[in-house]
Amino acid sequence: MAGTHSARRWLATSGVVVVAVAAWLGWRAWRGGRDDSSPSRDEARFVGAASCAGCHRAEHDAWQGSQHALAMQSASDRSVLGDFRDARFTDGAVTSTFSHKADGYWVRTDGPDGVSAVVSCQVLGGTYITSPSVA
C-alpha cells in the first residue's frame, strides 16, 4: 500500500503543477505575452528608427532608403515631392486642387459625402504611387 500512496501523491502533485503552469501560460497569453518591463498600450510611444538600429543593424540598413522608411514622414519642403503649386487633378466630375501656403500643404477636394472641403496634408503616405487612383 505504501507504493500506491506515494503514486497517488505524485499524481496529485503533478496535476497541481500542470494546472499551475497552464494557468500561468493562459495569463501570459491574455496579457499579450508582455513581461512586466514592457510598456502598457497607454505608455507605448514611437521611439524612432535609431532606437531599433542598435539591436537590429542589418534590418535597419536594409530598411534605410526604402519606400517604408520614407512613408509617414511629416509634410515638409524636403519630403513632399508632389506639385502643390495650385496643381489640379480631375477624376470624373471631381477636380482636386493642391496648394502650399506658409502654414502647410492643403488639398481642396470632394469628401465621401460629395461636399467640397479643404484638408491639411500633415503626414505623407509614401513617395511611390502605385495606382492613378491613389493620390
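The values are calculated or read from the model by the stated rules, or taken from the named source; none is laboratory data. The structure presented is a predicted model; accordingly, all values stated were derived computationally and were not measured. Don't worry about glycine lacking a Cβ; one is built from the backbone with ideal geometry, like all the others, and counts go over all protein chains shown.
Of everything in the stretch 87-108 that is exposed (fewer than 10 other Cβ atoms within 10 Å of the Cβ) and charged (D, E, K, R), the residue that is farthest from Gly48 (Cα to Cα) is Lys101.
Looking at the stretch 17-32, can you tell me whether even one residue there is surrounded by fewer than 10 Cβ atoms within 10 Å (Cβ to Cβ), in a loop (DSSP other than H, G, I, E, B) and at pLDDT 80 or above? No, that holds for no residue. Scanning the stretch 71-90 for residues that are closer than 23 Å to Arg108 by Cβ and at pLDDT below 90 gives Gln73, Ser74, Ala75, Ser76, Asp77, Ser79, Val80, Leu81, Gly82, Asp83. What are the pairs, 6+ residues apart or on separate chains, where a residue within the stretch 111-135 that is of a type in the set (Ser, Thr, Tyr) has its Cβ under 6 Å from a residue that is part of a loop (DSSP other than H, G, I, E, B) and at pLDDT below 85? That search, which allows pairs on different chains as well, returns Thr127/Leu81. Only one entry in His68, His60 is at pLDDT 85 or above, in a helix (DSSP H, G or I) and under 17 Å from the mean Cα position of the chain (by Cα), namely His60. Selection of the stretch 109-127 for residues being charged (D, E, K, R) and surrounded by 11 or more Cβ atoms within 10 Å (Cβ to Cβ) yields only Asp110.
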